[in-house]
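Reviewing the structure listed below.
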Amino acid sequence: MIHIKTAAEIELIRESALLVSQTLAELALILRAGITTELLNARAEEFILDNKAVPSFKNYKGYPFATCISVNDAIVHGFPNKNEIQEGDLVSIDVGVYKNGYHGDSAYTFGILPILSEHQLLMKVTRESLLMGIEKAHVGNRVGDISFAVQDFAERKYNYGVVRELVGHGLGRHLHEDPQVPNFGKKGTGAKLKEGMVIAIEPMINLGTKDVYYDEDGWTVRTKDGKFSAHYEHTICVKKGKADILSSFDQIVINESKNPALIADY
Ligand code: MF3
Ligand code: CO
């Protein structure tokens, strides 16, 4: 069942989503080669708790951390660990927060300089594929219109691998609500988009094959061919004409440009 949110609920989800964005922006200030993903996770968790919120992911279906940090061939659900980030890494950070009874969810992939130009393009195209999907997230369309737009751009235009096993989702009182929002599909199919539906759109795009495998930790999803992957996610609200993006990359991009270790202009 798809819950339609009231204007008041949407504002609470916006507050949670913007706190996620601020958390990612905090991490953009400290990311560099030599830092461990464990430390990034600790900083994120501290920031969330300081802002009177709770990390949505911690203990969700047994997931043990506040954030998912997925490096290079890890696509999503990477465990923070003691490994130091290296130059040339792609670091995807996914954060969810729960505040005032509502979740927000967003993810961003950072490039640790110097990075390969093919990885730079992967990041740019993945981010653009998210925007292509968001462009279709308005009243009058269906979920499949979002799915098709993401897939068509990343797969047909760039020949990247679009991950099938994991999908975007509705959210609100729960982290995962209906509908599922795949990053592949057919125009004009799936649930009708209605004003007040809140969904997370989250393309996971691989440089090589779309095929994945699960790490022995039972969570980390990796590319089968070991090539790199990128992941960007926004929480959005369906409206007439144009979606309302409830999370924001604005401060993340500003902080990326202030941090000499990060690629800012891609
Ligand atoms: N953004 C991801 C999702 O919505 C993060 C979930 S991680 C989990 O599925 F650990 F909470 F499962
Ligand atoms: Co999500």
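Taken over the range 24-53, the criterion of being touching a strand residue (DSSP E or B) at 6+ places or on another chain (Cβ under 8 Å) and buried (at least 17 other Cβ atoms within 10 Å of the Cβ) is satisfied by L24, L27, A28, L31, I35, T37, L40, N41, A44, E45, I48, A53. Within the range 103-132, the residues that satisfy the criterion of being open to solvent by less than 10 Å² (accessible area, probe 1.4 Å) and farther than 24 Å from K227 by Cα are G104, D105. Can you spot a residue in the range 173-182 that is of a type in the set (S, T, N, Q) and either in a loop (DSSP other than H, G, I, E, B) or surrounded by 20 or more Cβ atoms within 10 Å (Cβ to Cβ) (or both)? Looking through the range 173-182, none of the residues is of a type in the set (S, T, N, Q) and either in a loop (DSSP other than H, G, I, E, B) or surrounded by 20 or more Cβ atoms within 10 Å (Cβ to Cβ) (or both).
Quick one: in the range 140-168, which of the residues that are within 14 Å of the chain's Cα centre (by Cα) and open to solvent by 10 Å² or more (accessible area, probe 1.4 Å) is nearest to ligand 1 (Cβ to nearest atom)? Only one residue fits best here, namely L166. Take H119 and decide whether it is under 19 Å from S248 (Cα atoms), in contact (Cβ under 8 Å) with a residue 40 or more places away in the chain and over 16 Å from the mean Cα position of the chain (by Cα). The answer is no for H119. M123 passes every criterion in (1) outside any helix (DSSP H, G or I); (2) more than 16 Å from ligand 1 (Cβ to nearest atom) apart from (1).
In the condition set (1) assigned to a loop (DSSP other than H, G, I, E, B); (2) open to solvent by 50 Å² or more (accessible area, probe 1.4 Å); (3) touching a residue at least 24 places away in the same chain (Cβ under 8 Å); (4) in contact with a Pro (Cβ under 8 Å, 6 or more places away or on another chain), K58 is compliant with all but (3). Between G208, G168, G172, the distinction of being within 12 Å of ligand 2 (Cβ to nearest atom) and either modelled with pLDDT under 95 or under 27 Å from P80 (Cβ atoms) (or both) belongs to G168 only. Open to solvent by 10 Å² or more (accessible area, probe 1.4 Å) and either within 15 Å of ligand 1 (Cβ to nearest atom) or of a type in the set (A, V, I, L, M, F, W, C) (or both): does that describe L90? No. Against the condition within 16 Å of ligand 2 (Cβ to nearest atom) and of a type in the set (S, T, N, Q), how does T235 come out, does it pass? Taking the combined requirement at face value, the residue satisfies it.
Given the criteria on the phi < 0 side of the Ramachandran plot and either away from ligand 1 (no atom under 16 Å from the Cβ) or at pLDDT below 95 (or both), does F47 qualify? Yes, satisfied. Considering only residues in the range 229-266 that are among the charged types (D, E, K, R) and open to solvent by 20 Å² or more (accessible area, probe 1.4 Å), the one that is modelled with the lowest pLDDT turns out to be D265. Regarding G185, is this residue of a type outside the set (S, T, N, Q), more than 15 Å from ligand 1 (Cβ to nearest atom), surrounded by 17 or more Cβ atoms within 10 Å (Cβ to Cβ) and part of a loop (DSSP other than H, G, I, E, B)? Here the answer is yes, as G185 does meet what is asked.
The values are calculated or read from the model by the stated rules, or taken from the named source; none is laboratory data. Remember, it's a predicted structure, so these values are computed and weren't measured experimentally. Cβ sites come from the backbone with ideal geometry, for glycine too, and all protein chains shown count toward neighbours. Calculation scope for accessible area: heavy atoms of the full protein, side chains included, ligands and nucleic acids excluded. Shrake-Rupley method; radii C 1.70, N 1.55, O 1.52, S 1.80 Å.
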